[in-house]
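The values are calculated or read from the model by the stated rules, or taken from the named source; none is laboratory data. Treat the numbers as computed from the prediction; the structure is a model and nothing was measured. Please note: Cβ atoms are built from the backbone with ideal geometry, for glycine as well, and neighbour counts cover all protein chains shown. Calculation scope for accessible area: heavy atoms of the full protein, side chains included, ligands and nucleic acids excluded. Shrake-Rupley method; radii C 1.70, N 1.55, O 1.52, S 1.80 Å.
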Amino acid sequence: PAGSPGAGRAPGGGAGVPAGALTLFGVQEGRERLSVCSKLCYAVGGAPYQITGCAIGFFLQIYLLDVAQLDPFYASIILFVGRAWDAITDPMVGFFISKTPWTRFGRLMPWIIFSTPFAVISYFLIWFVPDISRGQVMWYLIFYCIFQTLVTCFHVPYSALTMFISREQSERDSATAYRMTVEVLGTVLGTAIQGQIVGTVITPCIESPLFLGKTNSSVAMEELNMTRDTGSLADTRNAYMIAAGVIGGLYILCAVILSVGVREKRESSELQSDKPVSFFHGLKLVMNHGAYIKLIAGFLFTSLAFMLLEGNFALFCTYTLGFRNEFQNILLAIMLSATLTIPLWQWFLTHFGKKTAVYVGISSAIPFLIMVVLLDSNLIVTYIVAVAAGISVAAAFLLPWSMLPDVIDDFKLQHPDSHGHEAIFFSFYVFFTKFTSGVSLGISTLSLDFAGYQTRGCSQPREVNVTLKMLVSAVPVGLILVGLLLFKLYPIDEEKRRKNKKALQDLR
């Protein structure tokens with residue numbers, strides 16, 4: 001979003017403070033370099049989206065099936081509609097941001113501040129099992145969609161701030177690396193908090209085949225009550241709510257640090273031009289930009305691969321590998337590995353280029369995805385594979401957000417008189433990814449239903465285990481290969497980036 005034209009420029013049209021630049025702690029006006037403190041202050045704002053998203057992505061499916069005890073068909077509807085609605089809200093929020101008037105808090109920051117308390121409340125209600133015989137499906141569907149709307153009101157304006165930190169590509173890339181490190185750390189926190197709190201209570205299951213499919217019968221309930229070592233379903237539900245409360249507190253804390261530590265200036269760091277064009281005209285320009293379409297097409301398939309793995313990995317560890325009491329630790333190993341290797345990928349893309357980092361980083365997941373389903377179930381091997389896969393997850397986190405600013409710079413050179421479209425670029429990238437991930441997650445849950453998934457069963461039929469192997473190995477590998485082929489068409493290599501940087505400096 002752009003402010004009024006002309007304001008904030010140096011007298012005589014000289015090189016003044018970049019319009020819309022953010023003044024963060026430790027950054028003086030007119031300076032392009034950002035201190036470590038400034039980058040950390042900015043980066044903390046990315047944690048809430050990742051903490052909640054990781055907890056939902058890894059645990060919501062198994063929660064709906066085995067704790068809320070919903071039929072897999074209805075669970076698939078909730079997961080699909082929630083993700084699809086989440087995708088729709090991104091361009092909607094992007095549109096309203098572009099129309100938001102300036103306030104004393106800025107243009108983007110009010111969205112972040114005022115959405116936070118309501119987002120935390122709705123997030124908690126997702127993990128609450130209402131004491132109603134009917135209407136549970138609508139309960140989860142409504143509050144899931146409400147939360148996705150509110151967290152979008154937080155994350156889209158926050159993402160748009162990326163372009164307002166500095167005009168220097170190196171500074172934006174460095175700040176993006178800090179942000180991605182904090183965001184991946186957020187996924188570690190989300191996995192650790194949700195997994196370790198929930199993991200302290202063993203979700204009760206039905207061992208005898210006679211009771212499979214009878215989860216609501218009094219006979220099955222009596223059998224569960226007589227089994228002391230399986231724990232209580234009420235204890236499991238309480239554990240999910242405690243985890244939701246802790247995560248909600250972290251959400252508020254990060255939002256406070258961001259709102260206090262980042263002060264939004266009125267003008268945007270745009271090329272000097274007349275006035276911003278309308279949202280829909282800007283959307284048409286963005287969608288006709290070839291580099292953007294090729295970038296999101298490539299990351300669409302690779303992101304889908306990792307989201308499909310994320311959504312089904314808890315079920316895969318619990319039933320196919322047989323690690324019912326270890327899956328939360330395996331997930332934590334993946335995310336810790338990803339966090340520690342983000343700086344490695346930042347160094348790699350700086351020295352070898354972003355396209356090379358895409359090929360090396362994302363393709364490195366393929367052998368481990370194949371290995372985890374071909375080898376016999378072994379806990380040590382599974383942990384080794386989890387750590388190795390986390391290295392590739394780090395690349396998948398970092399690279400899209402590092403490459404999008406390059407596309408926006410390329411767009412500015414081709415359309416120097418059109419500005420204020422950063423929110424469109426970021427929100428529609430997220431839109432395409434979320435919508436298709438919602439489709440894939442809904443289809444995967446339906447596939448489990450067709451395969452004969454048994455709610456709260458201690459084991460699953462052979463068809464379910466085969467389906468889970470396909471969902472966490474064969475399908476993601478195929479999606480990754482398609483995505484890497486599409487990246488061959490992406491036109492912005494390192495030489496192109498250097499030319500664009502010089503051309504932008506000349507225009508400014």
What are the pairs with Cβ atoms under 6 angstrom where one residue, in the stretch 104-124, is farther than 10 Å from Tyr251 by Cβ and assigned by the TED database to the domain that holds Trp139 and the other, located anywhere, is among the β-branched types (Val, Ile, Thr) and not in a helix (DSSP H, G or I)? Sequence gap at least six, or different chains. Arg107/Thr100; Pro110/Thr103
Working carefully through the options Ile362, Ile370, find the one that is surrounded by 18 or more Cβ atoms within 10 Å (Cβ to Cβ) and at pLDDT 85 or above. Ile362
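How many of the residues in the stretch 323-339 are of a type outside the set (Gly, Ala, Ser) and within 21 Å of Thr302 (Cβ to Cβ)? Before you say what the answer is, go through the steps one by one.
Within the stretch 323-339, the subset of a type outside the set (Gly, Ala, Ser) is 323-332, 334-336, 339.
Next cut, within 21 Å of Thr302 (Cβ to Cβ) only: 331, 334-335, 339.
Result for the stretch 323-339: 4.
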Only one of (1) at pLDDT below 75; (2) within 16 Å of the chain's Cα centre (by Cα); (3) not small (Gly, Ala, Ser) does not apply to Val188, and that is (1)
When both residues are 6+ apart or on different chains and their Cβ atoms are under 6 Å apart, which pairs have a first residue that lies in the stretch 483-508 and is without any contact (Cβ under 8 Å) to a residue 12 or more places away in the chain, and a second that is exposed (fewer than 14 other Cβ atoms within 10 Å of the Cβ) and assigned to a loop (DSSP other than H, G, I, E, B)? none
Which of the following residues is modelled with pLDDT under 85, farther than 30 Å from Asp376 by Cβ and among the β-branched types (Val, Ile, Thr): Ile293, Ile342, Ile247? Ile342
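For the stretch 96-123, which positions are of a type in the set (D, E, K, R) and in contact with a Ser or Thr (Cβ under 7 Å, 6 or more places away or on another chain)? Step through it out loud before you land on a result.
Within the stretch 96-123, the first condition is being of a type in the set (D, E, K, R), and the residues that meet it are 99, 104, 107.
Listed by number, the list holds a single entry, Arg107.
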Identify, from the list Ser363, Ser402, Ser337, the residue that is touching an Asp or Glu at 6+ places or on another chain (Cβ under 9 Å), in the same structural domain as Gly282 (by the TED database) and either of a type outside the set (Val, Ile, Thr) or free of Cβ contacts under 8 Å to residues at least 12 places away in the same chain (or both). Ser402
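With respect to Ser303, is the statement that it is more than 25 Å from Ile408 (Cα to Cα), among the polar types (S, T, N, Q) and touching a helix residue (DSSP H, G or I) at 6+ places or on another chain (Cβ under 7 Å) true?
Working: more than 25 Å from Ile408 (Cα to Cα): no; among the polar types (S, T, N, Q): yes; touching a helix residue (DSSP H, G or I) at 6+ places or on another chain (Cβ under 7 Å): yes.
In short, no.
Is it the case, given these coordinates, that Phe59 is open to solvent by less than 10 Å² (accessible area, probe 1.4 Å) and either under 19 Å from the mean Cα position of the chain (by Cα) or β-branched (Val, Ile, Thr) (or both)? Give the derivation first.
On the way: open to solvent by less than 10 Å² (accessible area, probe 1.4 Å): yes; either under 19 Å from the mean Cα position of the chain (by Cα) or β-branched (Val, Ile, Thr) (or both): yes.
Criteria met by Phe59.
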Could you list, in sequence order, the residues of the stretch 441-454 that are surrounded by fewer than 22 Cβ atoms within 10 Å (Cβ to Cβ), part of a helix (DSSP H, G or I) and out of contact with any Ser or Thr (no Cβ under 6 Å at 6 or more places or on another chain)? Ile443, Asp449, Phe450
Note on Ser98: of the conditions (1) among the small types (Gly, Ala, Ser); (2) on the phi < 0 side of the Ramachandran plot; (3) open to solvent by less than 30 Å² (accessible area, probe 1.4 Å), unmet is (3)
Filter the stretch 455-508 for residues that are open to solvent by less than 60 Å² (accessible area, probe 1.4 Å), touching an Asp or Glu at 6+ places or on another chain (Cβ under 9 Å) and outside any helix (DSSP H, G or I); which is nearest to Ala365 (Cα to Cα)? Ile492
In the stretch 130-165, residue modelled with the highest pLDDT [restricted to those that are surrounded by fewer than 23 Cβ atoms within 10 Å (Cβ to Cβ) and part of a loop (DSSP other than H, G, I, E, B)]: Pro130
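Considering only the stretch 397-411, I want to know if a residue exists there that is closer than 21 Å to Phe59 by Cβ and either aromatic (Phe, Trp, Tyr) or open to solvent by 20 Å² or more (accessible area, probe 1.4 Å) (or both).
Our first condition is that a residue be closer than 21 Å to Phe59 by Cβ; within the stretch 397-411, this holds for 397.
With the extra rule that they be either aromatic (Phe, Trp, Tyr) or open to solvent by 20 Å² or more (accessible area, probe 1.4 Å) (or both), the set shrinks to 397.
There is at least one residue in the stretch 397-411 that is closer than 21 Å to Phe59 by Cβ and either aromatic (Phe, Trp, Tyr) or open to solvent by 20 Å² or more (accessible area, probe 1.4 Å) (or both).
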Quick one: what pairs do we get from the stretch 431-456, first residue farther than 14 Å from Gly82 by Cα, second open to solvent by less than 50 Å² (accessible area, probe 1.4 Å) and of a type in the set (Gly, Ala, Ser), C-beta under 6 Å, 6+ apart or different chains? Leu446/Ser76
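Residues checked against (1) in a helix (DSSP H, G or I); (2) in contact with a Ser or Thr (Cβ under 8 Å, 6 or more places away or on another chain); (3) surrounded by 23 or more Cβ atoms within 10 Å (Cβ to Cβ):
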site	(1), (2), (3)
Ile51	yes, yes, yes
Ala55	yes, yes, yes
Tyr63	yes, no, yes
Ile77	yes, no, no
Ile88	yes, no, no
Gly94	yes, yes, yes
Lys434 assigned to a helix (DSSP H, G or I) and over 21 Å from the mean Cα position of the chain (by Cα): no
